[in-house]
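Here the structure comes first, spelled out in structure tokens, and everything after it is commentary.
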């Protein structure tokens, strides 16, 4: 036998041996697990599925008495595992693992046979009745869920009441269920995972104590809001609004700040107003006039910063109030007043105001009627204005109601009572403007309406004839008179519009002298009142004399004119309207 033949025989024997070995291994491992097959710490290498399942069941055997305990803080929620139908399905786990190995390719199988590779499964998974465990978690959720709310602080009869707030908490069922399946029963006590909303931040005991101490310092204190951008604006923020702003930075404080901002912004914000000026060519009177004004918007960031800073100032001082100048963003109108007319009506050159609280309904009506007759009057350059002419006929026929006027030293019921409220307000606007006043007469008696916001001596009476209020428009442009009344707040104001030539008016040397007491009250029968009804329409004032000097300066500072305005008032008694006797 030659060497070649011998080699061929040897190779054939080796190949046949390998084929036989491969057939045997394939046949063997069709019934047994591969080497290095491990579940957790249990080695089931070369075991049949039945042997592996029996061995695994000895390790993963859940006693029905094993309790599942869910902890939420100091609270415990326990239930037997049997009530949730927990179990280890070892047979199915072994079967699934064996099936996975049987579907390996020949080359992958030989890799596991010839190497140190592990076929590893972490554990036999825990199974349960999902409906039962969801019900258990729902019970826990209902027991622990709390609705969140922000901290609150308020004043009740000067007592500080603080609610520190509450977190919003609920059970995170999905994560808690995952933790149960991952940890139980190796770990029988499992801490629940909670959903805690970041929106609510309760105060700590230390924060609550600090808040109470600060709140006491703000009781009876307030912040006064001011601005020159709005006429007659007044506003304030009282202690009941300021105190909640002491809450530490949180969503709650942001919400309170937003409420305060919205309340103030609603009052002060406005869009820009474009001017309108329409003139009747026949009557030479303004029929429609809308003065321009800037649009205003409250700057939220600046306002909040100033507000919080002023609160700190109040906390550290003994002052009961502090002024806050509102930070307003100004948006001018597209057109100016001067751009829409050729009369020189560009700006306010004079302003006067007055109040008429305690006026009768007839007097309130008459003030509005007289103001409407003056409103819209154009005075040409060099023209003399007559108040009586502008107002026209003052009678019931022209729309006036009965009101009380001073006539013959006593109050009498007559059509037109209240017209002097308008003439007095026009007089004050003329003083402010520096226009040339040619005729003015004071009342014979002090009238309380004209002293509600001014000293005695700044009134002007009018009556048919030469008891009039007059002025000359000594500017180079037209002057427009506007008169506005507020019959609810019993306030009116007059504005004189034109082109400023730089003049400036000043009142000096105001004096009061020769004061005398008031006479006894006077009772006047008023048939419009019910029998026995009494209504006071005037208040007692003593007699008095006043004087002041009115100086008008030119733009260069030189004196344009100077005039003294004396007034002599007789003593005046209280006046009562009395219903007629039955």
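Any read-out appearing in this document is the output of simple, stated calculations on the displayed coordinates, not a laboratory observation. Everything numeric in this text was worked out from a predicted model, so none of it was measured. As a convention, Cβ positions derive from the backbone with ideal geometry for all residues, glycine included, and neighbour counts pool all protein chains shown.
For the chain, what relative contact order do you get, as a whole percent, if you take Cα pairs closer than 8 Å and at least 6 residues apart?
Relative contact order, the chain: 9 percent.
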Using only Cα atoms and rounding to the nearest 10 degrees, what angle (0 to 90) does helix 130-144 make with the longest principal axis of the chain?
40 degrees
For residue 229 paired with residue 341, estimate the spin-label separation in nm (one decimal), with each label point 7 Å from Cα along the Cα-to-Cβ line.
2.6 nm
Ranked output for segments 446-455, 523-532 by mean other Cβ atoms within 10 Å, highest leading, reads 446-455, 523-532
With a Förster distance of 51 angstrom and the Cβ-Cβ distance between residue 551 and residue 528, calculated FRET efficiency to the nearest 0.05 equals 0.65
How far is helix 300-315 tilted off the main Cα axis of the chain, in degrees rounded to 10, range 0 to 90?
80 degrees
In nm, give the distance between the simple-model label positions of residue 301 and residue 455, each being 7 Å from the Cα along the Cα-to-Cβ direction.
4.8 nm
What nm value, rounded to one decimal, do you get for the distance between residue 467 and residue 512 when each label is placed 7 Å out toward the C-beta?
2.4 nm
Order the peptides 479-489, 120-130 from the highest to the lowest mean number of other Cβ atoms within 10 Å of their residues.
479-489, 120-130
How many angstrom separate the Cα center of the stretch 297-346 from the Cα center of the stretch 89-112?
80 Å
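Using 0.36 nm times the number of residues separating residue 196 and residue 67, minus their current alpha carbon distance, what extension gain do you get?
Length gained between residue 196 and residue 67: 43.7 nm.
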Note to self: C-alpha centroids of the stretch 254-289 and the stretch 169-194 sit apart, in Å, by 62 Å
If each residue of separation counts as 0.36 nm, what is the full-extension length gain between residue 48 and residue 308 once their alpha-carbon separation is subtracted?
85.8 nm
Please tell me the relative contact order of the stretch 418-492 in percent, rounded to the nearest whole number, where contacts are Cα pairs under 8 Å and at least six residues apart.
35 percent
Need the full-extension length gain, residue 106 to residue 149, defined as separation in residues times 0.36 nm minus the C-alpha distance. One decimal, nm.
8.9 nm
Taking the Cα atoms only, what angle lies between the long axis of helix 419-433 and the longest principal axis of the chain, rounded to 10 degrees?
80 degrees
How do 420, 25 line up, fewest other C-beta atoms within 10 Å first?
25, 420
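For a distance above 28 Å, tell me the whole-number percent of Cα pairs in the stretch 337-484 that qualify.
Across the stretch 337-484, Cα pairs with separations above 28 Å total 18 percent.
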Could you order peptides 206-218, 57-69, 239-251 by the average number of other Cβ atoms within 10 Å of their residues, highest first?
239-251, 206-218, 57-69
So how do 184, 289 line up by other beta-carbon neighbours within 10 Å, fewest first?
289, 184
Which one is right for this structure if P(r) over Cα pairs in 20 Å bins from 0, in percent is calculated from it: (i) 23, 58, 19, 1; (ii) 20, 54, 22, 3, 0; (iii) 14, 25, 21, 12, 12, 11, 4, 1, 0?
(iii)
Sequence of 378, 435, 42 once ranked by neighbouring C-beta atoms within 10 Å, starting from the fewest:
42, 378, 435
If a paramagnetic tag sat 7 Å from the Cα of residue 161 along the Cα-Cβ line, which residues of the stretch 207-227 would have the backbone N under 20 Å from that point?
208-221
Divide by every residue of the chain the summed helix terms, -39500 (n - 2.57) for each DSSP H run of at least 4, and state the resulting mean residue ellipticity at 222 nm, rounded to the nearest 500 deg cm²/dmol.
-9500 deg cm²/dmol
